[in-house]
Amino acid sequence: MLRTALPVLLLALALPAHSTAEPMPQPAFGPELEGFDYPFPVQRFTFPSQRQALQMAYLDVPAGTPNGRTAVLLHGKNFCAATWESQIRALNAAGYRVIAPDQIGFCKSSKPAAYQFSFRQLAENTHALLDKLGVERPILVGHSTGGMLAAHYALLYPKAVEQLVLVNPVGLEDWSAKGLPPISLAQWYQRELKTSAESIRAYETATYYAGRWEPRYEPWVTMLAGLNNGPGKEAVAWDSALVYDMIVTEPVVYRFPQIAVPTLLLIGQKDNTAIGKDLAPAELRPKLGNYPELGNEAAKAIPGARLVEFPELGHAPQMSDPEGFNRALIEGVAAR
């Protein structure tokens, strides 16, 4: 699957728990994930934005037997286009062309030193890519932060979206309004500089996978840890800080009633994600990220939205149970 990541994973699994071997070195990849292979050919879209030339990496995978429809997959904050591998293969098999970009500031795309990150800007970037590829009305699938982006995209370009699919999106609540204290860019930056494989694995186990870790998730830890430990780690951490600030300060929940696109919500019920929760007062933390409640509220707020719940899954249902998730996704987008 991922040639660079798997040797590291297999060696780690081979070591017994009581091994006295030297600690394994942390992976290190370039600022655009150089050294980490994706499961499909990576293409690049160069375009001007905010007085600079930027490069957006993306996957464009055609179906063997096309059905004439295109799905655009928008990754989350700690994810990349490659993490959609299972969904790309399933959608391809069902006849869909699939496009999966890495947003600016993420993964294999540019890490600008000065950039005003906003969901509107990321939506405009994505729209420019799709215009270049001749895609007019895709099915837009957004996970986590990508769900916030997909919602903004549907609000900006309602006639350019066939269907909207939101997978455990963040932004279903306004954390600041609920009591999250102001978090400065300097705080976000210092926090991101401390990212390690261990911290990533611990967070993902608790939040993405509902407390159940499996070795098949390890390549994605290697991907993130290597990006945050490579020669461009300061640029990666800075853009990450800017993105976290964007997520917290641009809540989309208030605009859900304005979404005029057929919408499907796919929600893992054991998700407890809330950006900055660890920086919130202790008494507030248990009240944030209640996805069973938030998913139902979103389904009521978005006109005509349909809700599919995954009772035993967390923030990343597409990775915890790819077969079940893919079945629900393909059935959901077929029922237009």
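Would you be able to say whether some residue in region 103-111 is without any contact (Cβ under 8 Å) to a residue 24 or more places away in the chain, assigned to a loop (DSSP other than H, G, I, E, B) and open to solvent by 10 Å² or more (accessible area, probe 1.4 Å)? Looking for residues that are without any contact (Cβ under 8 Å) to a residue 24 or more places away in the chain, assigned to a loop (DSSP other than H, G, I, E, B) and open to solvent by 10 Å² or more (accessible area, probe 1.4 Å), one finds none in region 103-111, hence no. For region 125-144, a residue qualifies if it is in contact (Cβ under 8 Å) with a residue 40 or more places away in the chain, open to solvent by 10 Å² or more (accessible area, probe 1.4 Å) and in a helix (DSSP H, G or I), and the qualifying residues are Ala128, Lys132. Pairs are defined by a Cβ separation below 7 Å, a sequence spacing of at least 6 or placement on different chains, a first member in region 166-177 that is free of Cβ contacts under 8 Å to residues at least 12 places away in the same chain, and a second member that is among the polar types (S, T, N, Q) and not in a loop (DSSP other than H, G, I, E, B); no pair meets this definition.
One line per residue, one yes/no per condition, for (1) within 20 Å of Pro169 (Cβ to Cβ); (2) touching a residue at least 60 places away in the same chain (Cβ under 8 Å); (3) part of a helix (DSSP H, G or I):
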position	(1), (2), (3)
Thr222	no, yes, yes
Ala225	no, yes, yes
Ala241	no, no, yes
Glu283	no, no, no
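If the condition is being closer than 20 Å to Tyr291 by Cα and over 14 Å from the mean Cα position of the chain (by Cα), then region 204-221 contributes Thr205, Ala206, Tyr209, Ala210, Gly211, Arg212. Number of residues in region 44-88 that are of a type in the set (Phe, Trp, Tyr), within 15 Å of the chain's Cα centre (by Cα) and in a strand (DSSP E or B): the value is 1. It is to be established whether one or more residues within region 258-265 are out of contact with any Gly (no Cβ under 8 Å at 6 or more places or on another chain), open to solvent by less than 60 Å² (accessible area, probe 1.4 Å) and under 22 Å from Ala160 (Cα atoms). For region 258-265, residues out of contact with any Gly (no Cβ under 8 Å at 6 or more places or on another chain), open to solvent by less than 60 Å² (accessible area, probe 1.4 Å) and under 22 Å from Ala160 (Cα atoms): present.
Considering region 168-213 alone, what residues qualify as being open to solvent by less than 40 Å² (accessible area, probe 1.4 Å) and more than 27 Å from Pro27 (Cβ to Cβ)? Within region 168-213, Pro169, Gly171, Leu172, Glu173, Asp174, Trp175, Gly179, Leu180, Ile183 qualify.
The values are calculated or read from the model by the stated rules, or taken from the named source; none is laboratory data. Being a predicted model, the structure only gives us computed values, none of them experimental. Backbone-built Cβ (ideal geometry, glycine too); neighbour counts: all protein chains shown. Accessible surface is based on the protein model in full, side chains and every heavy atom, while ligands, DNA and RNA are left aside. Shrake-Rupley method; radii C 1.70, N 1.55, O 1.52, S 1.80 Å.
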